[in-house]
Amino acid sequence: MINLLREEEKRTVLFLLISLPALIVSFFNIGNLPVNAAWIAIILCGIPIIRGAVIGLVTEFDIKADVLVSIALVASVTIGEVFAAGEVAFIMALGAYLEERTVAKARAGIEKLVQLTPATARVLREGKESIIPAEHVKPGDLLRVLAGETIAVDGMITNGRTSIDQSIMTGESLPVDKGPGDTISSGTVNQFGTFDMVAQKVGEDSSIQRMIRLVKSADAGKAKIVGIADRWATWIVVTALATSIVTWFITGEIIRSVTILVVFCPCALVLATPTAIMAGIGNAAKYGILIREGDALERLAKVKRIAFDKTGTLTYGKPAVVRLESFDPEVGKEKLLELAATAELRSEHPLGKAIVAYFKEQSNHVTKEPEDFKLLPGRGVYSQIDGIKILAGNEALFTEQNIFLSETLIQSAEKTKAEGSTVIYISAGEQAIGFIALADTLRPDAAETIHAIHQTGIKTVLLTGDAPQAANHMAGIAGISELKANCLPEDKMTAITDYQSKAEPICMVGDGINDAPALKTALVGIAMGGIGSDIAIDAADIALVGDDIKEIPHLLQLAKKTMQTIHINLTASLALNFLAISLAITGVLNPVVGALVHNAGSVAVIINSSLLLKWRKTK
């Protein structure tokens, strides 16, 4: 398909290059040729327009701009205005080509976010390395990736360390260090070294294929306002024919009627919206935003409030150590963390893994292996380190083991819990020595993003399934004054419906399956494209590829700028049309000048829309 499009583009360029000198020869009557050279432009550029109009009219009764253009071409030739017909055909073909170039450039911006999955993968089977087609990779296969290679499927590193260029998926400018246990996405590039990985998501389930599907779904033809322009084009065709006939009847000058047909062509009107929409989509793509529905920008421009999910949206969605408290003078915070990390070393629990990961970040030495380890489901872990019994867990574990928790320790822990943290108590021997608090941490740019949204005049609300204490704490840090806690999926959907019933069009931003109903119900749904679930992404109109919420203010401003561009395009094209029609009726314009004036409007509309591709409001 791509090759066919390129061949068609080359043919169009060739026809335009041949037609232009032919029109120059015709205009200046160079060489006194027996046949008007403008016929070359009519045949090369005009015949395809007429053929397309006839096919659309006969097969679908599709009355569009090319119908009126075809009538104008035939009428011009009939009255002997061959140059005018050739000029109309040439400029219409040029306008169509420029539109295609604008759309192609916009789509190219989207395509830069993804790369095609590699055709092959290096698989390890029974100790032997072989290269197979990427589509034959199955979940569980062991793959080897060399330096500089693009990763074919989603998976997890099992052996080796490297640095991965994830910019194609997340927009991160710097490579990310990866090692055993780290997950990697298809479409990303191995910067150096060789590593082995186990395949997890392959084929259509892989990250790169999911992003490609999102790209393909970005279709400006879905925009409602494009449909309005099409309906206007139909009425303009009918009106143009009626005006032309009436003018011919009253003045008796068929050249005025033909000029009216030429200048009445609604090309600029039809180009006004799709070029702006596609340019807006291309602009958003440069900032890691995939717009799945063409009319999403139109709807987003009407939004008065944005609702945010908390976990995974405003926060990272992963537990992290936020506080260390030691209540034993002989055990400092560093020692407390080391004991907890050693106790949790063999734990598969997310909180235990978070403590171990935090210790590795903070410490220069490796965690020692515990001498004994037991997982106590629902309560914590037991370990033996240097002959000393270490417990890490909740109050239930300490009650069960008859280990006393002082009032001071409990009060400090309760205060920490009120801020939305989970507390892990630590004991050594038979004495409680302190606790470690873990919490889902706010994204560093969340507060700045919320502030920027408020600056645009749009209100915010937090819709979360968290308890009120944790929700209030996080909303306060983020700068959101209104919130609804303990929300089940249907509660979020109901909240969205309530706001919209009060004439407050709302946009929902979320990442999980539980957000899908709200994303679908909201006027506009924005999903976290990187960590978000497939269901959430499918329910949304827009996806943030790199989960970069700081680009939401730009998206809001872009939506308004796109609609402003569309309105300018529509107003200017209509004004130019009516002015040209008035001059044609009075006989001021002839078909040749009329074609130049009218098609200048089409080119201006395309240029104005293309300015959106690089637009970004400065702070």
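The values are calculated or read from the model by the stated rules, or taken from the named source; none is laboratory data. Here the structure is a predicted model, which is why all the values come from computation and not from measurement. In this analysis, Cβ positions are derived from the backbone assuming ideal geometry, glycine residues included, and neighbour counts consider all displayed protein chains.
Quick grid of which residues meet (1) over 20 Å from residue 547 (Cα atoms); (2) β-branched (Val, Ile, Thr):
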residue: 453; (1), (2): no, yes
residue: 460; (1), (2): no, yes
residue: 463; (1), (2): no, no
residue: 467; (1), (2): yes, no
residue: 470; (1), (2): yes, no
residue: 497; (1), (2): yes, yes
residue: 503; (1), (2): yes, no
residue: 522; (1), (2): no, no
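Which of the residues spanning the stretch 352-387 are among the aliphatic types (A, V, I, L, M) and modelled with pLDDT of 85 or more? Lay out the reasoning, then the answer.
The first filter runs over the stretch 352-387 and keeps only residues among the aliphatic types (A, V, I, L, M), leaving 354-357, 366, 375-376, 381, 385.
Answer for the stretch 352-387, where residues must be among the aliphatic types (A, V, I, L, M) and modelled with pLDDT of 85 or more: 354, 355, 356, 357, 381, 385.
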Would you check which residues across the stretch 436-476 are surrounded by fewer than 21 Cβ atoms within 10 Å (Cβ to Cβ), among the small types (Gly, Ala, Ser) and over 30 Å from residue 344 (Cβ atoms) and list them? 447, 452, 457, 476
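Which members of the stretch 26-36 meet the condition of being in a helix (DSSP H, G or I) and surrounded by fewer than 16 Cβ atoms within 10 Å (Cβ to Cβ)?
Of all residues in the stretch 26-36, those in a helix (DSSP H, G or I) come to 26-28, 30-32.
If the condition is that a residue be in a helix (DSSP H, G or I) and surrounded by fewer than 16 Cβ atoms within 10 Å (Cβ to Cβ), then 27, 28, 30, 31, 32 are the ones that fit.
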Any idea which residue in the stretch 115-134 is surrounded by the fewest Cβ atoms within 10 Å (Cβ to Cβ), counting only those that are among the small types (Gly, Ala, Ser) and at pLDDT 85 or above? 130
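Provide a single number: the residues in the stretch 584-596 that are part of a helix (DSSP H, G or I) and within 15 Å of residue 256 (Cα to Cα).
So in the stretch 584-596, the residues part of a helix (DSSP H, G or I) come out as 584-585, 591-596.
Of the ones still in play, those that are also within 15 Å of residue 256 (Cα to Cα) are 584-585, 591-595.
The number of residues fulfilling the criteria is 7.
Just to be sure I understand, how many residues within the stretch 326-351 are of a type in the set (Lys, Arg) and part of a loop (DSSP other than H, G, I, E, B)? Explain how you work it out, then say what you get.
Start the filter on the stretch 326-351 by keeping residues that are of a type in the set (Lys, Arg), which leaves 333, 335, 346.
Retained after the next criterion (residues that are part of a loop (DSSP other than H, G, I, E, B)): 346.
Result for the stretch 326-351: 1.
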Among the residues of the stretch 513-526, is there at least one that is touching a Leu at 6+ places or on another chain (Cβ under 6 Å) and without any contact (Cβ under 8 Å) to a residue 60 or more places away in the chain? yes
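Residue-by-condition table, conditions (1) outside the structural domain of residue 152 (by TED's automatic domain parsing); (2) among the acidic types (Asp, Glu); (3) at pLDDT below 85:
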site	(1), (2), (3)
198	no, no, no
225	yes, no, yes
237	yes, no, yes
247	yes, no, no
254	yes, no, no
271	yes, no, yes
Any residue at all in the stretch 244-251 that is part of a helix (DSSP H, G or I), touching a helix residue (DSSP H, G or I) at 6+ places or on another chain (Cβ under 8 Å), surrounded by 24 or more Cβ atoms within 10 Å (Cβ to Cβ) and not aromatic (Phe, Trp, Tyr)? yes
For the structure I just gave you, tell me whether residue 450 is more than 26 Å from residue 410 (Cα to Cα) and assigned to a loop (DSSP other than H, G, I, E, B). no
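Matching residues to (1) within 23 Å of residue 474 (Cβ to Cβ); (2) surrounded by fewer than 24 Cβ atoms within 10 Å (Cβ to Cβ):
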site: 293; (1), (2): no, yes
site: 298; (1), (2): no, yes
site: 303; (1), (2): yes, yes
site: 308; (1), (2): yes, no
site: 313; (1), (2): yes, no
site: 317; (1), (2): yes, yes
site: 320; (1), (2): yes, yes
site: 326; (1), (2): no, yes
site: 330; (1), (2): no, yes
Can you tell me which residue within the stretch 144-196, out of those that are hydroxyl-bearing (Ser, Thr, Tyr) and assigned to a strand (DSSP E or B), is modelled with the highest pLDDT? 158
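Applying the selection to the stretch 413-447, what residues are in contact with a strand residue (DSSP E or B) (Cβ under 9 Å, 6 or more places away or on another chain) and assigned to a helix (DSSP H, G or I)?
Of all residues in the stretch 413-447, those in contact with a strand residue (DSSP E or B) (Cβ under 9 Å, 6 or more places away or on another chain) come to 413-414, 416-417, 419-430, 432-443, 446.
Within the stretch 413-447, 413, 414, 416, 417, 446 qualify.
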Can you name the number of the only condition in (1) of a type in the set (S, T, N, Q); (2) closer than 24 Å to residue 375 by Cα; (3) under 32 Å from the mean Cα position of the chain (by Cα) that residue 326 fails? (3)
Total residues in the stretch 375-406, condition surrounded by 12 or more Cβ atoms within 10 Å (Cβ to Cβ) and over 13 Å from residue 428 (Cα atoms): 10
State which residue is farthest from residue 451 (Cα to Cα) when the search covers only the stretch 477-522 and only residues that are surrounded by 24 or more Cβ atoms within 10 Å (Cβ to Cβ) and among the acidic types (Asp, Glu). 515
